[in-house]
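One structure below.
Every number here is computed from the coordinates shown, using simple stated rules; none is lab data. Predicted model only: the values in this text are computed from it and were never measured. Note: ideal-geometry Cβ built from the backbone for every residue, glycine included; neighbour counts use all protein chains shown.
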Amino acid sequence: MQSRPLAGRTGGALSGRVTERGPTPVPERAPPRLRNALSAVLPALACLLLPFGALASWAHGLTDTGRYVRATAPLAADPDVRRAAADAIGDGIMRRAGHELGSGPLRGAAGPFVHDAVRSFTRTEAFRTAWETANRTVHTAVVHALRDDRAHATAVTVDLAPVAARVKRRLIEEHAPFAQHIPVTHTRVRVLPAADVDRLRKGYRVLDTAALWLPLTAAVFAVAGIAVAACRRRAVTALGLGTALGGGLLFLAVAIGRRLTLADLPDPLHRPAAGAVYDALTETLRTVSWLLIGLGLTVALTSWLTGRYGPRRATRRPDPAPAAPAPQPGPD
């Protein structure tokens, strides 16, 4: 008669133990919202700033006179550039010679000889030397004006008399008529008006700052985005794809800029020469675009392949909870 209450108490105690020792589900800790937001925003900002940083660094690099002269030196052998230069030099010489030759038959007879001699001059080594000298002189004058801190900007002028002297010497060697009457005067040629110098000076200061801080900020955002990401391999893959996309957009911007630049030229005859100059100056930028595309795709593909086919860590499963002992039936 007393065994049943004892069994009841024993069963209640065992039931209480099962309730106490039973496994309780522990909810997984989700990453903080701030960390998720930073891991998404920082790489996106890095990919956005990267092409702008490359563009600013390229533009700032053009302010180096030596680099600019090396970029434009091969243009002296371009047929379109030689043709445009011959027309410009020949017209300038005839305008200056018109004061002495007048508007009579002498000027009409000298015109074809002058233009032929100038075209012949553009195929010589002397023209290449004059081309580099003129580009160096003009570029040095423009950069000096942009870096000048004076309150009132002045017009940029250069003296191209040495180029005219070389052409005159070439005409004399070829026994061209009236070559001795071609004047070589040291006249200052205006390259940039004062209003353009003041406007470009402000842009140069902004460019000088952007060329340093934009690439650096993009690198800091990229590293920080990878560091705070919950899945760093996925962040590296996204960053690589974003870098490749930025390089593609930069290449597209260079192509669109070329088309717009040539479309704004008033003289369609000089568009081939202007296109050659544009291609020479933006060659480094196009190379950087392809490097960004190749580097981004390589990093993204490597990260994806490593995550898919690389060695995987063995995940340790939690030990199962010990089974509760079944209650022993009491004696009848």
Q) Length gain on complete extension for the stretch Leu281 to Val223, per 0.36 nm per residue less the alpha carbon to alpha carbon distance? A) 17.7 nm
Q: Mind giving me the nanometre distance, one decimal, between the label points for Arg233 and Ala195, set 7 Å out from Cα along Cα→Cβ?
A: 6.2 nm
Q) What is the set of long-range amide H partners of Leu192 at a cut-off below 5 Å, with H atoms built 1.01 Å from backbone N? A) Val156
Q. Taking the Cβ-Cβ separation of Asp208 and His175 as r and a Förster radius of 41 Å, what is the calculated FRET efficiency to the nearest 0.05?
A. 0.20
Q: Mind sorting Cys231, Cys47 by how few other Cβ atoms lie within 10 Å of their own Cβ, fewest first?
A: Cys231, Cys47
(Q) Please compute the modelled spin-label separation between Leu216 and Ala134, points set 7 Å along Cα→Cβ, answer in nm with one decimal. (A) 4.0 nm
